[in-house]
Amino acid sequence: MASSGGGEGVRPTKRPLGFMKHAMARKDSFIQWFAMTGILLLSMRSLGQKYRIHSLQEENYTLQEEHDLLAERINNIQRDLLHEASEDSTGAFASRLRLLFSDHH
């Protein structure tokens, strides 16, 4: 009786190469692939930083506008308080406000 594995010696079997063996066999292609992957990753990082900078610039502009509006509101409140205090006959309230407001400038 013939064995069921009779064709073992006739047909050579190709085993898949391991990653390192494949890389060594195709060294030029592997180095090129590695370099291209590195360039792609650096490009993605650069693009992410570009959009982060843009986002921070927009946020900075918004914060500057908000700061300007708050400074204007503070000046309006101070002006209105000093105006009301100037109508006080004793002048104590106005002098106290001037003293408080001079600390902020």
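The values are calculated or read from the model by the stated rules, or taken from the named source; none is laboratory data. Owing to the predicted nature of the structure, the values given are computational and were not obtained by experimental measurement. Note: ideal-geometry Cβ built from the backbone for every residue, glycine included; neighbour counts use all protein chains shown.
Structural remarks
- Scanning segment 80-91 for residues that are within 15 Å of SER102 (Cα to Cα) and either modelled with pLDDT of 90 or more or surrounded by fewer than 10 Cβ atoms within 10 Å (Cβ to Cβ) (or both) turns up nothing.
- Test: residue in segment 78-89 that is touching a Ser or Thr at 6+ places or on another chain (Cβ under 7 Å), without any contact (Cβ under 8 Å) to a residue 60 or more places away in the chain, assigned to a helix (DSSP H, G or I) and small (Gly, Ala, Ser): no
- For segment 22-64, a residue qualifies if it is charged (D, E, K, R) and assigned to a helix (DSSP H, G or I), and the qualifying residues are LYS27, ASP28, ARG45, LYS50, ARG52, GLU58, GLU59.
- Search result, residues across segment 9-38 that are at pLDDT below 80, loosely packed, with under 10 Cβ neighbours inside 10 Å and not aromatic (Phe, Trp, Tyr): GLY9, VAL10, ARG11, PRO12, THR13, LYS14, ARG15, PRO16, GLY18, MET20
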